[in-house]
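Since the structure comes first, as structure tokens, the remarks are kept for the end.
The values are calculated or read from the model by the stated rules, or taken from the named source; none is laboratory data. Here the structure is a predicted model, which means the values were calculated and not measured. Virtual Cβ from ideal backbone geometry, glycine too; neighbours counted across all protein chains shown.
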């Protein structure tokens, strides 16, 4: 297998695991007796653990070795996932979420992503970079969609095995841990060519790249803070509590969302060639936020599900374009640090918001995070367009 195919296969398995965890986590924690505030804290702890790992990947992956770091992160995720599935006490669950970098976002945005995105541009020509990132994200969203569907595993276990709700959810959370372990085995097959040279980590950022990263990181932190109010775990909890649907129905909904996301990535690559990366990012993202607000007012679950799926068909179109844009406006030797810095600020912002979202859901209303998250995302899109519409990557300048 080529390095690129190994990365695509591993990211698919990782996304499959993440999709299952995101749907089941909130429901599982509720079965353990945790209230919405504690659920938000656990989700935040998992994202904070991911932020710490992202910092390590940013600063040390080229020195440690990209392959070695990818294997280590996958094994930690597997171990933390198993501990989460076995734990019951709040402190144990909290520690498992942090050490295992448990991702309640439903979207894989951790340390492994930083390293893979630094490797990926070298496998293709600049003109095909956005399309390569599009297919990379298709694999992610296809895995996440299937993971949402597989989140119905506890229901199947209950029907076939006759176990209680909590035991079936524990089994459902143990399965993703096994997927992370398989991903670790795949990473072992990467060639030595993927490892960054030690001297590359010492190359300083150019003043121009430093200015770009400073501005874009501030904006990405705002977008991610908004996204932290809209994690898949909290949205699954919202649908479960608001409409009384089970994890199998919620899982099917997020399967459909993942399919919509996957198709949108290819559409984003096509659109970016015609109107540019920044325009694609902004003018697909704003409508998605408006559709999200309408979900809060839906009278029935079918209506809410339909509006949510339309939103999911738009919300991820900025992902491959954003990744390609950042990799395109910095020098090749700066890609690891650029990928790491932009993802680090996103992870840090994600880790803060879920705790507040849980408090809002408990103290104000279930729909409050939807309003807050959508409003902040619209502000981000306007600021991004004003700041970066004049800075084009090489293929657009040509």
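Overview of values
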item: Residue identified as more than 25 Å from residue 132 (Cα to Cα), crowded, with 17+ Cβ neighbours inside 10 Å, touching a residue at least 40 places away in the same chain (Cβ under 8 Å) and over 21 Å from the mean Cα position of the chain (by Cα) among 296, 305; result: 296
item: Residue in the stretch 53-71 that is under 20 Å from residue 151 (Cα atoms) and in a helix (DSSP H, G or I) present; result: no
item: Selection status of residue 47, surrounded by fewer than 20 Cβ atoms within 10 Å (Cβ to Cβ), in a helix (DSSP H, G or I) and modelled with pLDDT under 85; result: no
item: Residue within the stretch 125-146 that is free of Cβ contacts under 8 Å to residues at least 12 places away in the same chain and in a loop (DSSP other than H, G, I, E, B) present; result: yes
item: The stretch 20-44, subset at pLDDT below 85 and farther than 13 Å from residue 361 by Cβ, residue surrounded by the most Cβ atoms within 10 Å (Cβ to Cβ); result: 23
item: Test: residue 245 is part of a loop (DSSP other than H, G, I, E, B) and out of contact with any strand residue (DSSP E or B) (no Cβ under 9 Å at 6 or more places or on another chain); result: yes
item: Search result, residues across the stretch 353-394 that are part of a helix (DSSP H, G or I), more than 26 Å from residue 101 (Cα to Cα) and modelled with pLDDT under 80; result: 363
item: Flag if residue 9 is farther than 28 Å from residue 259 by Cβ and either in a helix (DSSP H, G or I) or in contact (Cβ under 8 Å) with a residue 60 or more places away in the chain (or both); result: no
item: Test for residue 171: is it in contact (Cβ under 8 Å) with a residue 40 or more places away in the chain and part of a helix (DSSP H, G or I); result: yes
item: Which listed residue is within 18 Å of the chain's Cα centre (by Cα) and either buried (at least 17 other Cβ atoms within 10 Å of the Cβ) or in a helix (DSSP H, G or I) (or both), from 290, 314; result: 314
item: Selection status of residue 145, within 24 Å of residue 3 (Cβ to Cβ) and at pLDDT below 85; result: no
item: Long-range neighbours under 7 Å by Cβ, at least six apart or interchain, first residue over 15 Å from residue 169 (Cα atoms) within the stretch 226-251, second modelled with pLDDT of 80 or more and in a loop (DSSP other than H, G, I, E, B); result: 239/245
item: Of all residues in the stretch 320-352 being outside any helix (DSSP H, G or I) and touching a helix residue (DSSP H, G or I) at 6+ places or on another chain (Cβ under 6 Å), the one that is surrounded by the fewest Cβ atoms within 10 Å (Cβ to Cβ); result: 329
item: Residue among 266, 271, 222, 253 that alone is in contact with a helix residue (DSSP H, G or I) (Cβ under 6 Å, 6 or more places away or on another chain), at pLDDT 85 or above, part of a helix (DSSP H, G or I) and more than 26 Å from residue 296 (Cβ to Cβ); result: 271
item: The one condition in (1) surrounded by 21 or more Cβ atoms within 10 Å (Cβ to Cβ); (2) under 19 Å from residue 12 (Cα atoms) that residue 97 fails to fulfil; result: (2)
item: Residue match in the stretch 87-100 (condition: at pLDDT below 90 and assigned to a helix (DSSP H, G or I)); result: no
item: Any chance residue 14 is modelled with pLDDT of 90 or more and either under 22 Å from residue 87 (Cα atoms) or crowded, with 24+ Cβ neighbours inside 10 Å (or both); result: yes
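Residue by residue, here is whether (1) crowded, with 23+ Cβ neighbours inside 10 Å; (2) over 27 Å from residue 39 (Cα atoms) holds:
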residue	(1), (2)
208	no, yes
217	no, yes
243	no, no
250	yes, no
258	yes, no
263	no, yes
